[in-house]
Each structure stands twice: as C-alpha cells, then as structure tokens.
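The values are calculated or read from the model by the stated rules, or taken from the named source; none is laboratory data. Predicted model, so just to flag it, every value in this text is computed and none were measured. Cβ sites come from the backbone with ideal geometry, for glycine too, and all protein chains shown count toward neighbours. Calculation scope for accessible area: heavy atoms of the full protein, side chains included, ligands and nucleic acids excluded. Shrake-Rupley method; radii C 1.70, N 1.55, O 1.52, S 1.80 Å.
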Amino acid sequence: MPGFPPRPGSPAFPPFPEAAREAVRDDVLRSNLRHATHTIRDKRARAVTELSDWDRLRAAGKAVKDATLARLDEHLLRLEASVTAAGGTVHWAADADEANRIVTDLVRATGEREVVKVKSMATQEIGLNEALEAAGIAAYETDLAELIVQLGHDRPSHILVPAIHRNRAEIREIFTREMGAWGRPAPADLDDSPPALAEAARLHLREKFLRAKVAVSGANFMVAETGTMVVLESEGNGRMCLTLPETLITVVGIEKVVPTFRDLEVFLQTLPRSSTAERMNPYTTMWTGLGPSKGADGDGPSAFHLVLLDNGRTDTLADRVGRQALRCIRCSACLNVCPVYERAGGHAYGSVYPGPIGAVLSPQLRGTASDIDATLPYASTLCGACYEVCPVAIDIPEVLVHLRERVAQGGPVTRAGVRVRLRPAHGHTAERAAMRAARLLLDHPGALRAGERLLARARRLRPRRLPGPGRAWTDTRDLPAVPERSFRDWWATRRQEDPR
C-alpha cells in the first residue's frame, strides 16, 4: 500500500496562520469549498425549518449530553456490563498508543493482514491506519469520500464530507491513477459524472467487502442500558462492514455514550437534519454485542470488540467551560457556516477535527503546547454562527475566548489526569501588557476620558499602519478612523440639549 501524508498536529504541519495564508491563495480550493458549504448549509436550513419544535429538540440534546457527562463514569460502567452480557468484549484505552496497540493485537490474533473500515473520526484521531500499516496490516476505507482521500494520499478536510476540497475532475484523475494499486482498477473509459465515479468506487469496494474477515468501525452513539452501538451513514458501506466480516472492532470516544434508547431518540432527529439535511438517515445500523442472530449459527460477526477511547477526554471534562465541546455529535453544521473555514479549508487546522469545533476540541484533547494548538483558538471571527446552528448548543465562541485566555495567560489545567499550571505561550507578552494597560485605564474613568479627547484631537495624525506588534493586524485590515468626539462626550452633549 502507498504511504501516508504527515499526521495532523505533527511538526510537519505549520501553525494555523501560516497554513491559512497559503490556503486562501488556492483559487480552486476556495471555489470548491464555497460551492459545497453553501449548498449543504442551504439544504440544512430548509430541513431544520420543517420542524416546529427544533429549538426544543436542541435544548433536549444539550440537556441529555450535559446530564450524561456529569455522571460519565457511571454510564460507562453500565455500558461495559451491558456489552459484556451481550457477548462482546470491552477494552479501555487511555490514549492513542494504547488504542492502536489493542486494535493491532486483535487483528493479529485473527491471522488476517487486511481490514475494511467504516468512516470513523476516532480512528483518524489516533492514526490507526498508520499504526496498522506499520504492523503489516492494510486498512481500506470504504466510505466514498474517505476512499477518495485515501487513494489521493491526502487528509480529510471536513467532518461529514472528507473530500470536500476535491472536484469531480480531480476525483476522476485520482481513481484512474490509483485504484489499480489498491485493488480493482477504474474503468479505462471512466468519466467524471457522479454516477460513473460512484459505480467505479462500488466495483472497487465490492471485492474488499466480500473478502475481508475483519472490520473496524466507530459509532455515533452507544446506549448504556443495552450495550447497543449505533452507526448512521448514507451509502450502505457501513452496513456491509458491520455484517459481512467475522470479527468487528469498534473504536469509540467515551463521550459518545447515552444512558437510554429514549435519549437516543432526540439525536436521531437532529443529527440527520443538521448534517446531511435529511429527515432521517438512509442507513441506521444498530447492534448489541453479538446479538441473537449473530455468532456461529447466524449472520454477522462471531466476535465483537469495543475499544473505549479517552485520549484527553477526561482532561477536557475537568474544564467547566471547555467540557461543552464533548457534547459534539459530529454533524459538521458549524463548518458549513464558518467564514474562516470556507476560505481556509480543513487542512489549515492541522487536526482531524477542522472548523470551529476543531478549534475548541483539538487544543483540549492535545493541549496547547504546540504552535498548531496554541493558534487554533484564534482561528475564528467570533461571529457566533457556529453556536446558532449547533444542534446541541455548544457555545463555541465562549470556549474560544476561554482557550485564548489559557494560551495568553496560562493557568491551571488538567493533563493526563494531573492538575498542572501552564505558563503563558510564547509571543503573547505584548498582548498581556496591552490588556493590563486597558484594565488600568478602564478602572480610572477620568484617565479614560482624557485619553479619548486626546485621541480625537490627534485624529489627523492617524497612521495607515500600526507599528510593532500591531503591524500584523493592519497587514490585512484598515485602521478605523477616529471620530471627532467620543461617544461619552456626544452623550453628555445630547443630555444637556434634551434632558428627557
């Protein structure tokens, strides 16, 4: 199998400002993103307005998630007991290395050297495909968009549509060039029409479905009371992976648990409409352990393993402001309305979680020690559009500001279960000095008033660009004009003229 591009978050990835500066120069990328994000968000808006109780569903989803996170340990232990009672085996993984080791050992134990995969953010997060390849095991993505990304030696750039940065002509070229090295080659006369591209992918994948003995999946939800796994997908490839192989290994973040089937009902209404703009998902697959029809005498896998992944989630849970990011159900609605994502694309975030949710989730899961993660909280205009569309009401702007404070000021955080104190990130000395000066000025109204009047009188001396640290801000923005008088003076004059 061909090799992999650099891992998101690795030193090979530049900080967000550098990556975004390069991305906005790519006219093809911006055109692809603009067309795709506008199409998806317009469809979503129409689907959501069909429900008169959308706001109540949104509030219910938030409440369920918050209540579950407040007692996460209890629900996970109940889930483990339910899965075990249904014939499955539960494994606990503290971090990516442990999760990769568990999955690799499970595949090796079967004697197989290839697996088929259902689209999974968790396995991308831990770099499972690379870990399997290092162990001599080939992992084949079966989601159409993930297949495009894998064949193109690329990285996903969107949660829902991983190949959103590719157009049809590029996909045809990738299929024609690469499919033969991974399995069945593309037809010699392949054109770039969607039906032709989908048929080429179907024929390429069908032989892998029928041959594979081991499958790896994620899950959108886990139901603690029954041990049921739930996967929502649109193409049917997931169901092929979940039913044909003899061994099924499912890797899921611990925050994906819900207490009961009744809780699941809320998300089965909000997730499809908020992600694919559909009233219901085309394929919703549920399984409980081996199930009554599985095993040696029935259909489906004869062995089921659930790997529960932490990888920074309990550290995030310890943050009273940041923990709301764990509500995320991976619908990607926030990406489609974000003006920063639309222009920079997903690769600029240096994370498998791009867009607004990635800007708050990745720095919490990975910490803010690297230049990449220290810049992600600034990858936003704070316009609030992400919060407005979030089906579980994550206040992303609030978390962004919270994380910016952490980067600039440092302070106590939990890392690897231990409470530590972060030092302020490099490069924020001037920002901290400016904030201290602003606080001092705002605490003394007389000095503030005098400063405003002095600034108004000197307004004609306003420079076009700021010096020193402010230069970066005015490289891409015009310095606002200074008014003839401050709002404070204008208001005082108005009150004198009209005391009412």
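Assorted remarks:
- Computed label-point distance, nm, for sites A85 and L51 using a 7 Å Cα→Cβ extension: 3.0
- Spin-label zone in the range 238-255 - amide nitrogen under 15 Å from a point set 7 Å from the Cα of R202 along the C-beta vector: 238, 240
- Whole-number accessible area per residue in Å² for the chain, which is evaluated in the context of all protein chains at 1.4 Å: 48
- Taking label points 7 Å from Cα along the Cα-to-Cβ direction, H426 and A481 give a separation of 4.2 nm.
- The chain - percent relative contact order, Cα under 8 Å, separation 6 or more: 19
- For the range 406-424 and the range 439-499, distance of Cα centres in Å: 35
- Computed from backbone phi with θ = phi - 60° and the Karplus coefficients 6.51, -1.76 and 1.60, the 3J(HN,Hα) list for the range 181-191 is 6, 10, x, 5, x, 6, x, 5, 9, 4, 9 Hz; x is used for glycine and proline.
- Within straight-line reach of K65, meaning a Cα separation under 28 Å, sit the following lysines at least 8 residues removed in sequence or on another chain: K43, K117, K119, K256.
- In this label model, D42 and R113 are separated by 5.0 nm, measuring between points 7 Å along each Cα→Cβ vector.
- Under the convention that each Lys and Arg Cβ holds +1 and each Asp and Glu Cβ holds -1, the size of the dipole of the chain around its Cα centre is about 2380 debye.
- Note on the range 1-123: dipole from Cβ charges, positive end direction compared against V107, V24, A85; the farthest Cα belongs to V24.
- Exposure rank, largest accessible area first [C331, C383; 1.4 Å]: C383, C331
- Antiparallel content of DSSP bridges confined to the chain, in %, to 5: 35
- Partners of K62 within straight-line reach, counting aspartates and glutamates whose Cα lies under 16 Å from its Cα and excluding those fewer than 8 residues away in the same chain: D53, E255, D263, E265, E388, D395, E398.
- Tilt relative to the chain, helix 96-110 - C-alpha long axis, 0 to 90 degrees, to 10: 10
- Left without a cysteine partner by the 4.7 Å Cβ rule in the chain: C241, C328, C331, C338, C383, C390.
- Shape category assigned to the range 308-406 from the gyration tensor of Cα positions, a/c cut at 1.5: rounded
- Sequence of E452, E141 from largest to smallest accessible area, 1.4 Å probe: E452, E141
- Calculated FRET value between A437 and T493, using beta carbons and R₀ = 22 Å, to 0.05: 0.20
- Inter-part distance where the range 200-224 and the range 298-326 are each reduced to a Cα centre, Å: 20
- The solvent-accessible area of H35, taken with every protein chain present and a 1.4 Å probe, is close to 130 Å².
- Residues M286, M222, M121, ordered by accessible area of protein heavy atoms at a 1.4 angstrom probe radius and largest first, appear as M286, M121, M222.
- Partner aspartates and glutamates for K213 [C-alpha distance under 12 Å; skip if fewer than 8 residues away on the same chain]: E112, E114, E246
- Amide H contacts of G289 (H built 1.01 Å from N, under 5 Å, at least 5 apart or other chain): M229
- Rounded Å value of the spacing that divides the Cα centres of the range 78-152 and the range 347-383: 25
- Global geometry of the chain, whether rounded, prolate or oblate, following the gyration tensor of its Cα atoms and the 1.5 cut on a/c: prolate
- Net length gained if the chain between A458 and D97 were fully extended (0.36 nm per residue, minus Cα distance): 124.0 nm
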